[in-house]
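> What follows is a single structure, and I will ask about it in a moment.
The values are calculated or read from the model by the stated rules, or taken from the named source; none is laboratory data. Just so we're clear, the structure is a prediction, and the values are computed from it rather than from any experiment. Cβ coordinates were reconstructed from backbone atoms using ideal geometry, including for glycine residues, and neighbour counts include every protein chain displayed. Note: areas computed on protein heavy atoms with side chains; ligands, DNA, RNA excluded. Shrake-Rupley method; radii C 1.70, N 1.55, O 1.52, S 1.80 Å.
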Amino acid sequence: MAELQVEICGVKLKNPVIAASGTFGFGREYNEVYDISVLGGISTKGMTVEPRLGNPVPRIAEGKSVILNAVGLQNPSADYFIKNDLAFLKSKGIAIIANVAGKTLDDYGAICAKLDGLVDFVELNISCPNVKAGGMAFGIKPESIAEVTRVSKSSLKKTPLMVKLSPNVESIPLNAQAAQKGGADCISLINTLTGMAIDLEKRKPVIANNTGGVSGAGIKPVALRMVYEAAHSVDIPVIGMGGITSGTDALEFMLAGARAVQVGTANFTDVNAMPRIIAEMNAWLDSHGVKDINEIVNTLKLN
Amino acid sequence: MKDLKATVKSNERIAENIYSLTVTLPESAGEIHGGQFVNISTGDSSHLLRRPLGVAKVEGNDVTVCYQIKGSGTQNLATLSSGASVNILLPLGNGFNISGYKNVAVIGGGVGVFPLVATVREHCKNINFYTYVGFRNKSAVCLLDELEKSKTLTVVTDDGSYGKKGNAVEAFFADAANVKADAIIACGPPVMLKVLKTEMQKRNVKTPCLVSLEERMGCGLGACLVCVCKKHDGQNARVCKDGPVFDIDEVEL
Ligand SMILES: Cc1cc2nc3c(=O)[nH]c(=O)nc-3n(C[C@H](O)[C@H](O)[C@H](O)COP(=O)(O)OP(=O)(O)OC[C@H]3O[C@@H](n4cnc5c(N)ncnc54)[C@H](O)[C@@H]3O)c2cc1C
Ligand SMILES: Cc1cc2nc3c(=O)[nH]c(=O)nc-3n(C[C@H](O)[C@H](O)[C@H](O)COP(=O)(O)O)c2cc1C
Ligand code: FES
């Protein structure tokens, strides 16, 4: 048994495997299949100040080794989460990451203020490609990333701030640095890549929103490159995700510089994906004589 | 709810483009009711999503689903032969809760017939079923032997090549005067359910009616909010978790 515990911004995670936002709800449903206290953490469904109904259906489509989604931030509001789901997640003893989005800078400030001190991290979704009012406008350019980060950080006196970067941008290094400059305590990436699936017979996009965010196994090479770039352009911790389906995938992200990983779409293919990934990471570390997972973080040797 | 590695027992063509797949579970998945569904892997690892299919039959640890070949997932499912293994998450959703009723009308169209089969099998000892099923044409007709457990069984086809020409909703209303159903259950294409709802309103039929909906799914267990339908109260419901069976008056069709 290798040591799997990691520490990010002073928060201890029993292992580096975190459920990715939007694929795991608030944990209750998966907890009917396995006890989610085995996880390192959970990033909640993206929340807003007000409840939202999200986009029309269909909200999902499939491509080869990828899926596309455009849920459009359906959520019951941060207040509802605090009242109804927070205690359940706390009882599980896993790191709780509140994923949040907003229309305006004030929204980001307000939702961060609500959650300050209640959760282990606030993860700023400034990269949702599926709603106009999903923060995407803030997530493209370094200047606006720094600004939304600053506003959010000023509402967070106790809880560390994680800024989730979009891959649909010009420069990951510049955007990562902008988040750091704005006061981010750590960075997560990647959110989904904007894509389209077409129904030839209907001559229409499959998804009602026309475009959707691409995720799943097929995006892993892009995600690895971006995580590597981010980890090598900032000093704050980086949490990596995008197409992770196995323990070795997760370890590749850690080699590229991630201190922890998030797993999303793989939960749909295999409900037990995350417990399996944790076991597979352990097995690889054991078979390679690595005693502590932290030893492999950021040890990629470039050619 | 369990995710199990099941073994294909049989996978046979039962009508044009329609297959019946029976898998043996390695252990019991608990009680499974008619109207509940499974989320099954296609056997092709480039498909990251499982396919939701209604349970058509349960016998011990053998579970049967019937599917129409639509796209690449069901195409791949059809290539699986006995002995192959599939991952199957089950049972999912709520199912038809009709215990307590005595006379139930069953309306099924196309692939919507399959989940109704399990319901008829489950309750036929205690409930009189008046069943109306519609298929495209003669070559699509299947599973009638299973539905024979109904008190009456009416089969119609779009082109009249088997039974009368027409659809299942018409067949039901044509018979409605003779049948005193205290509940209606229905499963079929969206337009069929819509017509059923409009006709019930037009004819002022107040019989409780449960319909099973279809929507594209991600997780299949209520976490991702991909599969929603609209309710008349303005809220969304998850087809996979709050459904797939809803009161016809509750949801927008
Ligand atoms: C609760 C439920 C029960 C169902 N029961 C049955 C059944 O008993 N027999 C049967 O033949 N079909 C049933 N369906 C429909 C069946 O799920 C689809 O026909 C099937 O998923 C198509 O997969 P494909 O790969 O062949 O098609 P593709 O179009 O290649 O599939 C692409 C993606 O879209 C999804 N998709 C496509 N059509 C549908 C649809 N109509 N409903 C939901 N998802 C869809 C697929 O699951 C997949 O994720 C049911 C659907 C639901 C939601
Ligand atoms: C159905 C679905 C919903 C998502 N919702 C959110 C969300 O609300 N907020 C967010 O920051 N990311 C959301 N994401 C993005 C994921 O958290 C993750 O960044 C992305 O899917 C890449 O990881 P993966 O390939 O492991 O899925 C969603 C992804 C999916 C598939
Ligand atoms: S498919 Fe995920 S909530 Fe229904």
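> Is it the case that region B:92-103 has a residue that's more than 14 Å from chain A (Cβ to nearest Cβ), surrounded by 24 or more Cβ atoms within 10 Å (Cβ to Cβ), small (Gly, Ala, Ser) and within 16 Å of ligand 3 (Cβ to nearest atom)?
Scanning region B:92-103 turns up at least one residue that is more than 14 Å from chain A (Cβ to nearest Cβ), surrounded by 24 or more Cβ atoms within 10 Å (Cβ to Cβ), small (Gly, Ala, Ser) and within 16 Å of ligand 3 (Cβ to nearest atom).
> Please tell me if A:LYS90 is basic (Lys, Arg), more than 9 Å from chain B (Cβ to nearest Cβ) and open to solvent by 40 Å² or more (accessible area, probe 1.4 Å). Break it down stepwise before answering.
On the way: basic (Lys, Arg): yes; more than 9 Å from chain B (Cβ to nearest Cβ): yes; open to solvent by 40 Å² or more (accessible area, probe 1.4 Å): yes.
Here the answer is yes, as A:LYS90 does meet what is asked.
> Looking for whichever is of a type outside the set (D, E, K, R), more than 16 Å from ligand 1 (Cβ to nearest atom) and either without any contact (Cβ under 8 Å) to a residue 24 or more places away in the chain or within 12 Å of chain B (Cβ to nearest Cβ) (or both) here; the options are A:LEU68, A:LEU73. Which one fits? It would help to see each step written out before you state the result.
Working: A:LEU68 fails: more than 16 Å from ligand 1 (Cβ to nearest atom).
Result: A:LEU73 is the single residue among A:LEU68, A:LEU73 that is of a type outside the set (D, E, K, R), more than 16 Å from ligand 1 (Cβ to nearest atom) and either without any contact (Cβ under 8 Å) to a residue 24 or more places away in the chain or within 12 Å of chain B (Cβ to nearest Cβ) (or both).
> Going by the structure shown, is A:ARG225 crowded, with 23+ Cβ neighbours inside 10 Å, within 30 Å of A:THR149 (Cβ to Cβ) and among the charged types (D, E, K, R)?
Working: crowded, with 23+ Cβ neighbours inside 10 Å: no; within 30 Å of A:THR149 (Cβ to Cβ): yes; among the charged types (D, E, K, R): yes.
No, not satisfied.
> What do you reckon, is A:GLY195 free of Cβ contacts under 8 Å to residues at least 60 places away in the same chain, open to solvent by less than 20 Å² (accessible area, probe 1.4 Å) and assigned to a strand (DSSP E or B)? I'd like the intermediate steps shown before the answer.
Details: free of Cβ contacts under 8 Å to residues at least 60 places away in the same chain: no; open to solvent by less than 20 Å² (accessible area, probe 1.4 Å): yes; assigned to a strand (DSSP E or B): yes.
No.
> So, in region B:156-170, of the ones that are farther than 20 Å from B:ASN103 by Cβ, in contact (Cβ under 8 Å) with a residue 24 or more places away in the chain and open to solvent by less than 30 Å² (accessible area, probe 1.4 Å), which residue ends up nearest to the chain's Cα centre (by Cα)?
Taking the candidates together, the pick is B:VAL156.
Matching residues to (1) small (Gly, Ala, Ser); (2) within 17 Å of the chain's Cα centre (by Cα):
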{"site": "B:LEU92", "(1), (2)": "no, yes"}
{"site": "B:PHE96", "(1), (2)": "no, yes"}
{"site": "B:TYR101", "(1), (2)": "no, no"}
{"site": "B:VAL106", "(1), (2)": "no, yes"}
{"site": "B:GLY110", "(1), (2)": "yes, yes"}
{"site": "B:PHE114", "(1), (2)": "no, yes"}
{"site": "B:ALA118", "(1), (2)": "yes, yes"}
{"site": "B:CYS124", "(1), (2)": "no, yes"}
{"site": "B:ARG136", "(1), (2)": "no, yes"}
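> Next question, about the same structure. What residue, of A:GLU62, A:GLU147, A:GLU123, is open to solvent by less than 40 Å² (accessible area, probe 1.4 Å), over 20 Å from A:ASN31 (Cβ atoms) and among the charged types (D, E, K, R)? Can you show your working first?
Values: A:GLU62 fails: open to solvent by less than 40 Å² (accessible area, probe 1.4 Å); A:GLU147 fails: open to solvent by less than 40 Å² (accessible area, probe 1.4 Å).
Residue meeting the stated conditions: A:GLU123.
> Still on this structure, I have one more. Having 1 or more residues that are within 16 Å of ligand 3 (Cβ to nearest atom) and not hydrophobic (A, V, I, L, M, F, W, C) is the bar; report the strands (runs of 3 or more DSSP E) wholly within region A:46-125 that clear it. Explain how you work it out, then say what you get.
Values: elements: A:60-63, A:66-69, A:95-100, A:121-125.
Filter on region A:46-125 gives A:60-63, A:66-69.
> Is there a residue being more than 16 Å from ligand 3 (Cβ to nearest atom) and at pLDDT 95 or above anywhere in region B:238-247? Steps first, answer last, please.
Filtering region B:238-247 for residues more than 16 Å from ligand 3 (Cβ to nearest atom) gives B:247.
The next check asks that each one be at pLDDT 95 or above; those that pass are B:247.
Yes, region B:238-247 contains at least one residue that is more than 16 Å from ligand 3 (Cβ to nearest atom) and at pLDDT 95 or above.
> Still on this structure, please answer the following. Of the residues A:GLU62, A:GLU32, which is facing another protein chain (nearest Cβ under 9 Å), without any contact (Cβ under 8 Å) to a residue 12 or more places away in the chain, touching a Leu at 6+ places or on another chain (Cβ under 9 Å) and closer than 27 Å to B:GLU215 by Cα? I'd like the intermediate steps shown before the answer.
Values: A:GLU62 fails: without any contact (Cβ under 8 Å) to a residue 12 or more places away in the chain.
Among A:GLU62, A:GLU32, only A:GLU32 is facing another protein chain (nearest Cβ under 9 Å), without any contact (Cβ under 8 Å) to a residue 12 or more places away in the chain, touching a Leu at 6+ places or on another chain (Cβ under 9 Å) and closer than 27 Å to B:GLU215 by Cα.
> Shifting gears a bit: Just to be sure, is B:VAL226 open to solvent by less than 40 Å² (accessible area, probe 1.4 Å), within 16 Å of ligand 3 (Cβ to nearest atom) and touching a residue at least 40 places away in the same chain (Cβ under 8 Å)?
no
> Would it be correct to say that A:THR159 is at negative phi, surrounded by 24 or more Cβ atoms within 10 Å (Cβ to Cβ), touching a strand residue (DSSP E or B) at 6+ places or on another chain (Cβ under 8 Å) and not hydrophobic (A, V, I, L, M, F, W, C)? Even if it seems obvious, please write down each step before you answer.
Working: at negative phi: yes; surrounded by 24 or more Cβ atoms within 10 Å (Cβ to Cβ): no; touching a strand residue (DSSP E or B) at 6+ places or on another chain (Cβ under 8 Å): yes; not hydrophobic (A, V, I, L, M, F, W, C): yes.
Here the answer is no, as A:THR159 does not meet what is asked.
> Can you give me the number of residues within region A:1-22 that are within 12 Å of A:CYS186 (Cβ to Cβ), touching a Lys or Arg at 6+ places or on another chain (Cβ under 7 Å) and small (Gly, Ala, Ser)?
0
> Please pick out the residue among B:VAL191, B:VAL195 that is away from ligand 2 (no atom under 16 Å from the Cβ) and surrounded by 15 or more Cβ atoms within 10 Å (Cβ to Cβ).
Values: B:VAL191 fails: surrounded by 15 or more Cβ atoms within 10 Å (Cβ to Cβ).
After ruling out the rest, the residue left standing is B:VAL195.
> So A:SER37 clears everything in (1) part of a helix (DSSP H, G or I); (2) at pLDDT 95 or above; (3) open to solvent by 50 Å² or more (accessible area, probe 1.4 Å) except one condition, right? Which one?
Result: A:SER37 passes all but (3).
> Further question on the same structure: Hey, among A:TYR108, A:TYR30, A:TYR80, which residue is within 19 Å of the chain's Cα centre (by Cα) and closer than 21 Å to B:ALA237 by Cβ? Quick ask: steps written out before the conclusion?
Numbers: A:TYR108 fails: closer than 21 Å to B:ALA237 by Cβ; A:TYR80 fails: within 19 Å of the chain's Cα centre (by Cα).
None of the others qualify; the one that does is A:TYR30.
> Would you confirm whether any residue within region B:120-135 is without any contact (Cβ under 8 Å) to a residue 12 or more places away in the chain and not aliphatic (A, V, I, L, M)?
Taking region B:120-135 and keeping what is without any contact (Cβ under 8 Å) to a residue 12 or more places away in the chain, we get B:125.
Narrowing the set further to residues that are not aliphatic (A, V, I, L, M) leaves B:125.
Checking region B:120-135: at least one residue is without any contact (Cβ under 8 Å) to a residue 12 or more places away in the chain and not aliphatic (A, V, I, L, M).
> Could I ask something else about it? How many of the residues in region B:1-46 are closer than 25 Å to B:GLY110 by Cα and either of a type outside the set (Lys, Arg) or under 14 Å from the mean Cα position of the chain (by Cα) (or both)?
26
> Still on this structure, please answer the following. Determine, yes or no, whether B:LEU153 is open to solvent by less than 70 Å² (accessible area, probe 1.4 Å) and in contact with a Leu (Cβ under 6 Å, 6 or more places away or on another chain).
Details: open to solvent by less than 70 Å² (accessible area, probe 1.4 Å): yes; in contact with a Leu (Cβ under 6 Å, 6 or more places away or on another chain): yes.
Judged against the criteria, B:LEU153 is a match.
> Let me ask something else about it. For region B:2-39, which residues satisfy the criterion of being closer than 20 Å to A:GLU29 by Cα and of a type in the set (Asp, Glu)?
Within region B:2-39, B:ASP3, B:GLU31 qualify.
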